[in-house]
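Here the structure comes first, spelled out in structure tokens, and everything after it is commentary.
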Amino acid sequence: MRISLAGAGCLAVAASIVLAAQVNPLSKAPAYAHSGQSLEQKGADLLAAAPKSNGIAEQRFETYPGSFTELIGRTASGVGELHQRWQDNFVAVSGEATVTVGGRVVDGKETAPGEIRGTRVEGGQSYTLHKGDTLHVAANTPHQTMLAPNGSFVYYVIKVEEPSARLMPAAK
């Protein structure tokens, strides 16, 4: 089956792709939907809070075995990062960002098990995201979210654990 994700309606579709079939003791229901309007409002609240916490604020929504969702508001560019066990699936809610994917994390250090952070990502391919755009970043792939000066970006993230990561601990 082929699904096309476009426009504001893609937010609910993207979330349901990952969540609808899972029944989970951590969340209260087998599926959740978020309207584009509610995500924009929550995103505006996150953007207001972001400058107080190094330019990023987040709200976690649903947590299922092997996946979770969150909304992130940025008023500053991020560092280079790599999640050894988790895929990131971005759905842009508002604003604009350029995400560099691939290459390598410069000065990378493990900040938590399987989580690498560094000063920046060098090399890779850049994708400019606007409202309604989606981006999939595979596990163990360097990436960095960059904003224009005085820019902001709100995005919904569906984090999915790599199936192989459930079988073994993350590499060090």
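The table for this structure:
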{"quantity": "Subset of the stretch 151-172 (residues that are modelled with pLDDT of 95 or more and either assigned to a loop (DSSP other than H, G, I, E, B) or under 19 Å from residue 74 (Cβ atoms) (or both))", "calculated": "151, 152, 153, 154, 155, 156, 157, 158, 159"}
{"quantity": "Set 77, 94, 35, 67: member being touching a residue at least 40 places away in the same chain (Cβ under 8 Å), touching a helix residue (DSSP H, G or I) at 6+ places or on another chain (Cβ under 8 Å), of a type in the set (Gly, Ala, Ser) and more than 27 Å from residue 164 (Cα to Cα)", "calculated": "94"}
{"quantity": "Residue in the stretch 67-81 that is small (Gly, Ala, Ser), modelled with pLDDT of 95 or more and part of a strand (DSSP E or B) present", "calculated": "yes"}
{"quantity": "Per-region count, the stretch 117-150, residues over 24 Å from residue 62 (Cβ atoms), of a type in the set (A, V, I, L, M, F, W, C) and either outside any loop (DSSP other than H, G, I, E, B) or at pLDDT below 95 (or both)", "calculated": "2"}
{"quantity": "Top-ranked residue in the stretch 64-96 [being among the polar types (S, T, N, Q) and within 22 Å of residue 116 (Cα to Cα); ranked as surrounded by the most Cβ atoms within 10 Å (Cβ to Cβ)]", "calculated": "69"}
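The values are calculated or read from the model by the stated rules, or taken from the named source; none is laboratory data. Nothing here was measured: the structure is a model prediction, and the numbers come from that model. Here the Cβ is made from the backbone with ideal geometry for all residues, glycine too, and neighbour counts use every protein chain on show.
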